[in-house]
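Laboratory data are not the source of any read-out in this text; all were calculated from the coordinates shown. Note that the structure is predicted; figures quoted are calculated from it, not measured. Neighbour counts are summed over all protein chains in view; Cβ atoms, including those assigned to glycine, are modelled from backbone coordinates with ideal geometry.
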Amino acid sequence: MAVSVLIRRRVVDKDTANRLAPLIVQLRSLATSQPGYITGRTFHSLDDPSEFLVMSTWHRLEDWNRWWKSDQRRQLQKEVDDLLG
């Protein structure tokens with residue numbers, strides 16, 4: 001059974017949004033080569049430019065968990081966390 005993962009992120013200003021977008025692209029790019037990855041999409045709200053929504057679909061929860069725990073993802077996630085505070 002496929003698993004969909006939704007991650008919502010909010011930024012405080014346009015500069016932060018502009019710096020966050022490439023990190024999200026990098027995360028998705030790395031995720032695409034992970035075992036079990038099916039697809040993903042990134043949404044940026046037109047009504048609220050501070051809001052991003054990332055959706056990914058994986059074959060199994062175990063595939064997502066493996067990616068979630070990976071060093072590659074953790075390194076990029078640290079950059080995201082540092083940016084967002």
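At a glance:
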read-out: All positions within region 55-84 that are of a type outside the set (Phe, Trp, Tyr), touching a residue at least 12 places away in the same chain (Cβ under 8 Å) and farther than 13 Å from Leu30 by Cβ; value: Met55, Thr57, His59, Arg60, Leu61, Glu62, Asp63, Leu83, Leu84
read-out: In region 1-24, the residues that are surrounded by 16 or more Cβ atoms within 10 Å (Cβ to Cβ) and farther than 15 Å from Asp81 by Cβ; value: Val3, Ala17
read-out: Residue that is surrounded by the fewest Cβ atoms within 10 Å (Cβ to Cβ), among those in region 25-54 that are touching a residue at least 40 places away in the same chain (Cβ under 8 Å) and touching a strand residue (DSSP E or B) at 6+ places or on another chain (Cβ under 9 Å); value: Leu53
